[in-house]
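Visitor: Have a look at this one.
The numbers here are math on the coordinates, done by the rules we state, and not lab data. Predicted model only: the values in this text are computed from it and were never measured. Cβ: placed from backbone, ideal geometry, glycine included. Neighbour counts: every protein chain shown.
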Amino acid sequence: MSKLSLFPEEETKRQVGELVIPVHTTEALDNYFFRGYNPGKFVSSILINNLYGAVNSADIANRHAIWEIVKWLTTDPKVPQHGFGCVELFTDWLQDTNNVRTIWVDKMEKEYIWETLKG
């Protein structure tokens, strides 16, 4: 991992264990979790648990990756479970309500620095 990210590096798709998620989607997820950027309709729909919205707004690559994205969100221990799941959690994360995102990002940055120093 060459930058602070929830995903390993790769060019067009990112392999996360047995899961394959399109790079543009992993970038949107990283930007949402680390920077509080609105990730767009498809990813937002996934994050608020709106299957209908996700299916209707998915591009061709993401139509085939919906299961992988949800599987990653719900099984990767690095993903903040309080950052998605319903509209309220999604909105709190975007707005950094009670510094919920800032606290998580600080923790992830410290872990990243520690892992980098360990080599």
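Visitor: So, in the range 30-60, exactly how many residues are among the hydrophobic types (A, V, I, L, M, F, W, C) and exposed (fewer than 15 other Cβ atoms within 10 Å of the Cβ)?
Guide: Here is the first cut: in the range 30-60, the ones among the hydrophobic types (A, V, I, L, M, F, W, C) are 33-34, 42-43, 46-48, 51, 54-55, 58, 60.
If we keep only those that are exposed (fewer than 15 other Cβ atoms within 10 Å of the Cβ) as well, we get 51, 55, 60.
Matching residues across the range 30-60 total 3.
Visitor: Something else about it: Taking residue 117, is it surrounded by 11 or more Cβ atoms within 10 Å (Cβ to Cβ) and among the aliphatic types (A, V, I, L, M)? Spell out the reasoning first.
Guide: Values: surrounded by 11 or more Cβ atoms within 10 Å (Cβ to Cβ): no; among the aliphatic types (A, V, I, L, M): yes.
Criteria not met by residue 117.
Visitor: Could I ask something else about it? In this structure, is residue 94 part of a helix (DSSP H, G or I) and within 12 Å of the chain's Cα centre (by Cα)?
Guide: Numbers: part of a helix (DSSP H, G or I): yes; within 12 Å of the chain's Cα centre (by Cα): no.
The answer is no for residue 94.
Visitor: Sticking with this one: Please verify whether the range 91-102 includes one or more residues that are under 19 Å from residue 44 (Cβ atoms), touching a residue at least 12 places away in the same chain (Cβ under 8 Å) and β-branched (Val, Ile, Thr). It would help to see each step written out before you state the result.
Guide: Residues of the range 91-102 that are under 19 Å from residue 44 (Cβ atoms), as a first pass: 91-97, 100-101.
Next cut, touching a residue at least 12 places away in the same chain (Cβ under 8 Å) only: 93-96, 100-101.
Subsequent filtering for residues that are β-branched (Val, Ile, Thr) retains 100.
Taking every residue of the range 91-102 in turn, at least one turns out to be under 19 Å from residue 44 (Cβ atoms), touching a residue at least 12 places away in the same chain (Cβ under 8 Å) and β-branched (Val, Ile, Thr).
Visitor: While we're looking at this one, here's another question. Count, please, the residues in the range 50-61 that happen to be in a helix (DSSP H, G or I) and more than 19 Å from residue 85 (Cβ to Cβ).
Guide: So the first thing to find is which residues in the range 50-61 are in a helix (DSSP H, G or I), and the list is 51-57, 60-61.
Next, only the ones that are more than 19 Å from residue 85 (Cβ to Cβ) stay: 56, 60-61.
Here the count works out to 3.
Visitor: Looking at (1) among the aromatic types (Phe, Trp, Tyr); (2) outside any helix (DSSP H, G or I); (3) in contact with a strand residue (DSSP E or B) (Cβ under 7 Å, 6 or more places away or on another chain), which is the only condition residue 37 fails?
Guide: Only one criterion in (1) among the aromatic types (Phe, Trp, Tyr); (2) outside any helix (DSSP H, G or I); (3) in contact with a strand residue (DSSP E or B) (Cβ under 7 Å, 6 or more places away or on another chain) is unmet by residue 37, namely (3).
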